[in-house]
Amino acid sequence: MVGIDIEQAIEGTGIEIEKPVEVLNMNEKLQRAKKKPKRKQILGTYIMERSLTLIQSKPKVGKSSLAVQICIAVAKGESLFGLTNNTNAMKVLYIDLENGEEVLRDRYENLIDENLSNLYYLTYEDFGERDFSVSTFYEEMIEQHNAKFVVVDNLGLTTNNSLQDPINAKNLIKMFKDLKSKYNLTLILVGHINKGFQNGKQRTSQEQTQGSSVINERIENLISLVAFDEDDSKKVYLKQEFNRHYETNDKVLILNKSYDNYLKFDFVATDYESNLIKSYSVGRDVPKHTDKLEEIFLGNKALFHSEILTKLIDKGINSETARKIIKRHHNENKTLIKIDDCYYWREYYEAETKKGEQDGTLNSPI
C-alpha cells in the first residue's frame, strides 16, 4: 500500500492540521525564550509592547479620548504623562466601531494641521457590511495599514452574541490574542464597566468589565479609568488592575480633563488609590451645608478656621463634620478662598476685588 502524504493531499483545500505539542525540558524552554526580544514600555508599564490590554470605564468618563491620546503619542514615538516610551514612532490603527466621521470631526477637528500620518482612524462608514465578530475583518484592516499598534473601540460591538456568555467571551478574547500573536501587535480593547457596579462603591473591581468574568481572566493587562469625584467630572485616575507580563503598578495616575485643541488628559500626580477613595468618601458623605456657611460669612469679610469651626458647631454640627465641611468647600468646591490664615467667601471676595479694579483703588477685601 502506497503511503499518503497528508499535507500534500490537503494543500489548497483550506484545511489545517493541528500540529502536535512540542514538549521541551526546562533548559530547552529557557534557551528558546531567551531568544525572544523583551517587551518595551509604551505607556510605562501600564501598556507594554506586544500585549493585549483592556481599558475599561463607566460611560462618558473618557476612555475613548484616552485611547486616542495614547494613539497620538505612540504614532509620534512620544511619551505620555511622563511615563517611559521605549518604542519609535509606529503605524497605529484605531478601529472605531461605534462612531462616525461627524463625531470624529466634532472631537478632533482642531488636529487637522497636526502631523498624524502614522495614525489611521477608521469609522463605521468605512466597514460596509463586514462582520466585526470574525478575525478576517481585523486581518484585512491590519494588513492594509501595516499597523503594529491597534485599538478596537469598543469590545461590546465586536460580537453578535452576548458578552455574558462565557463561551462566546472566551472565543472572542482568543481571537484577539491570536491576532496579536500573528501580527506581533500591541492590541488595545476599549470596554464598558458593568452597570451594576456604577454606584460609587465598587469602582475598580476586576469583575466590573461588561460581560463574562472570562474576559478578565484571559486578558493580559487590565486598566481602569475611574471618575472618583462625581462633583467634579474633570477628576479621574488611571489604575492598573493587573499586568501578567510585568509587576502591577501599586500607584494610580491622577489626571485632569482639559481641552487644548481636543479633549485630552493632563497628568497631575501619582498616589495610592486608598488615599483617593478616602478623600472621595469625605466629599460624598459630608452634606455641603453651603447655606449655613454663607450665613456665617454675611457681615464677615474674613474668618479664621477656628472662627468658622465655632460658628458651625453653634449651628448644631459636630466638630469633625464641621472640619470636613470647611475642607470640602475650600479644596473641592472652591467656595472658600484661603489667603494667609484667613478664609473668604469666594463670591464676596471676587465682587469686592472687581469693584476695586473698576474704581481704581484695587483694594481687596483683605
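Before moving on, here are some points about what is shown:
- Any hit, region 294-304, residues being touching a Ser or Thr at 6+ places or on another chain (Cβ under 9 Å), surrounded by 14 or more Cβ atoms within 10 Å (Cβ to Cβ) and either at pLDDT 90 or above or among the aliphatic types (A, V, I, L, M) (or both): no
- When K177, K170 are checked against the criterion of being assigned by TED's automatic domain parsing to the domain that holds Y94 and either among the aromatic types (F, W, Y) or modelled with pLDDT under 95 (or both), K170 stands alone in meeting it.
- Residue match in region 36-54 (condition: among the hydroxyl-bearing types (S, T, Y), under 21 Å from N184 (Cα atoms) and touching a Gly at 6+ places or on another chain (Cβ under 9 Å)): no
- The single condition among (1) surrounded by fewer than 21 Cβ atoms within 10 Å (Cβ to Cβ); (2) out of contact with any Gly (no Cβ under 7 Å at 6 or more places or on another chain); (3) acidic (D, E) that D96 does not meet is (1).
- Any hit, region 198-221, residues being crowded, with 22+ Cβ neighbours inside 10 Å, out of contact with any strand residue (DSSP E or B) (no Cβ under 6 Å at 6 or more places or on another chain), in the same structural domain as D266 (by TED's automatic domain parsing) and modelled with pLDDT under 85: yes
- Meets criteria (surrounded by 12 or more Cβ atoms within 10 Å (Cβ to Cβ), in the same structural domain as I223 (by TED's automatic domain parsing) and part of a helix (DSSP H, G or I)) for I55: no
- Where N86 falls short, out of the listed (1) surrounded by 18 or more Cβ atoms within 10 Å (Cβ to Cβ); (2) farther than 26 Å from E217 by Cβ: (1)
- Unmet criterion (only one of (1) in contact with a strand residue (DSSP E or B) (Cβ under 8 Å, 6 or more places away or on another chain); (2) small (G, A, S); (3) at pLDDT below 95) for A147: (3)
- Region 123-174: number of residues that are crowded, with 17+ Cβ neighbours inside 10 Å, without any contact (Cβ under 8 Å) to a residue 40 or more places away in the chain and farther than 23 Å from K58 by Cα: 0
The values are calculated or read from the model by the stated rules, or taken from the named source; none is laboratory data. Treat the numbers as computed from the prediction; the structure is a model and nothing was measured. Ideal geometry is used to build each Cβ from the backbone, glycine not excepted, and the neighbour counts take in all protein chains shown.
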